[in-house]
Amino acid sequence: MSHMEDDVRTFAALPPARGRAFAETWWGQAWLKALEDTALDTAQLKAGRRLARAGAVGAVSVRPGRITAVVEDRGGATHRSDVLLQCLDEDEWDGFLTMAAERAGHIAALLDRDMPPHLVEDASASGVELLPGIGDLEPRCDCDAWDHCAHTAALSYQLARLLDQDPFVLLLLRGRGERALLDELQVRSTVGAEPEAPHEAREAEGVDAAEAYASAIVLPPLPGPPPLPDEPGLPPSLDTETPPPAGTDVDALGFLGAQAATEAHRLLTEALSPGHEQRPAPTELTVPQDAVRLASASPVTHIRARLAEVDGRGREGLTLAVHAWEYGGAAALDVLDEDRTPDAEGLVRARAALDAAWDDDERPALKAVRGRWSTADGQAQLRLGRDGRWWPYRKQRGRWAPAGPSASDPASALAGALGSADEDG
């Protein structure tokens, strides 16, 4: 429960978080990634996770640009801890509100306490970065640590749990409370555009073609990119009076057309996002990988059966692959399929990460086989990806199944796998 004012929200202390991950939503995980990529001392992060799991973080106050809580350390001393995040300026808020007001689906998602990825992507295309990045979370604590200490780390882990429940917490941190935000969105959504005057013919503007070809100096600048459509377009209807050729699967063609439109919209969104030209081109999917991607869209039964044939895993194997895809795309599929042994340097890094993730008295017994570490009861497992991130797995009906997204910290990943196992039990 939280006490809410226009620009301050105070959340009561949360119960201990033993046996579960701190963040389950993708935006909560993005918050933790910003913390873990920023902090220089992994030992302090580990101590902060331990404090947060033990329920040592008191009531959390959230206001524009700052979160605050009293954190009790293991010795019983209490410290006031703050984490600062820069507020959006007026131009950035204007861009975000204009974008959100034009897309009713974004407002509906926020009211459902959801933050779909395309909302953040559309905001980024408008020049607004909602989620924090490396170095954006600035710690302040009366223990006088110069970097993230155990107290500010514990506060940050606790906030990830609050973000899971309500993404408006992030928007308040960025500078706008829920009530003011919704009021302004309502005003912008109801104000109609002024009627346009009838178009009057006018002399075409531009550069004469002969002059343009005469010298590159006078060439006009290229036009700006086209506006991004609100949603994917609809493929043409296949319901015609002409019967299809023998052997044509009309349902499959309609499904592929709709998926092609969805993929085209996603690619266009990425292409129009800031800095796209500096990102490496993604690796082209293999035919089996693309079959898994299509199966994740939940096609009708006979189409899914055809995709299972293309994928070559069988129906149960395809179901596991779809779960992996939903957690992490092609990288998660590689972890599902590969049973590789990391090189010597990778093994050294993995063992160091495992040693640092728990205190000696808390470290679980793990049996290592190549790039996989299983718990003693054989019900949970950590898999090391090629990118050095840890993927949680759990045993389901005798098969290893993906249990969540990857994490840079093996303890968080294993907590996700154990939590999933508890829920299944």
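Numbers at a glance
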| read-out | value |
| --- | --- |
| Qualifying position, being in contact (Cβ under 8 Å) with a residue 60 or more places away in the chain, in a helix (DSSP H, G or I) and not acidic (Asp, Glu), among Ala330, Ala324, Ala291, Ala305 | Ala324 |
| Subset of the range 224-262 [open to solvent by 90 Å² or more (accessible area, probe 1.4 Å) and in contact (Cβ under 8 Å) with a residue 40 or more places away in the chain] | Pro225, Asp230, Glu231, Asp251 |
| Matching entry among Ala59, Ala30, Ala69, Ala17 (being open to solvent by 20 Å² or more (accessible area, probe 1.4 Å), over 20 Å from Met115 (Cβ atoms) and of a type outside the set (D, E, K, R)) | Ala59 |
| Members of the range 391-412 found to be among the charged types (D, E, K, R) and not in a loop (DSSP other than H, G, I, E, B), listed by number | Arg394, Lys395, Arg399 |
| Qualifying residue in the range 178-191 (condition: assigned to a loop (DSSP other than H, G, I, E, B), at pLDDT below 85 and not polar (S, T, N, Q)) | yes |
| Residues satisfying the stated conditions in the range 147-174, i.e. within 16 Å of the chain's Cα centre (by Cα) and not in a helix (DSSP H, G or I) | Asp166, Pro167 |
| Close pairs from the range 368-394: first over 18 Å from Ala324 (Cα atoms), partner in a loop (DSSP other than H, G, I, E, B) and among the polar types (S, T, N, Q), Cβ under 7 Å, at least 6 apart | Arg370/Thr341 |
| Number of positions in the range 140-157 that are open to solvent by 10 Å² or more (accessible area, probe 1.4 Å) and closer than 15 Å to Thr42 by Cα | 5 |
| Yes/no for Arg176 being crowded, with 18+ Cβ neighbours inside 10 Å, among the basic types (Lys, Arg), under 15 Å from Val71 (Cβ atoms) and in contact (Cβ under 8 Å) with a residue 60 or more places away in the chain | no |
| Test: residue in the range 300-316 that is modelled with pLDDT under 90 and either closer than 30 Å to Met99 by Cα or among the polar types (S, T, N, Q) (or both) | yes |
| Residues within the range 335-364 that are open to solvent by less than 70 Å² (accessible area, probe 1.4 Å) and part of a loop (DSSP other than H, G, I, E, B), tallied | 6 |
| Only listed residue being within 27 Å of the chain's Cα centre (by Cα) and modelled with pLDDT under 90, chosen from Glu211, Glu241, Glu277 | Glu277 |
| Leu163 vs. criteria open to solvent by less than 60 Å² (accessible area, probe 1.4 Å), at pLDDT 85 or above and touching a Lys or Arg at 6+ places or on another chain (Cβ under 8 Å) | no |
| Residues that are touching a Gly at 6+ places or on another chain (Cβ under 8 Å) and modelled with pLDDT under 90, drawn from the range 376-407 | Gly388 |
| Conditions (1) open to solvent by 70 Å² or more (accessible area, probe 1.4 Å); (2) at pLDDT 90 or above; (3) among the small types (Gly, Ala, Ser); number of the one not met by Gly328 | (1) |
| Qualifying residue in the range 413-424 (condition: part of a strand (DSSP E or B), among the small types (Gly, Ala, Ser), open to solvent by less than 40 Å² (accessible area, probe 1.4 Å) and in contact (Cβ under 8 Å) with a residue 40 or more places away in the chain) | no |
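The values are calculated or read from the model by the stated rules, or taken from the named source; none is laboratory data. All values derive from a computational prediction rather than experimental measurement. With ideal geometry, Cβ positions are generated from the backbone for all residues, glycine too; neighbour counts draw on all protein chains shown. Heavy atoms of the whole protein, side chains included, go into the accessibility calculation; ligands, DNA and RNA do not. Shrake-Rupley method; radii C 1.70, N 1.55, O 1.52, S 1.80 Å.
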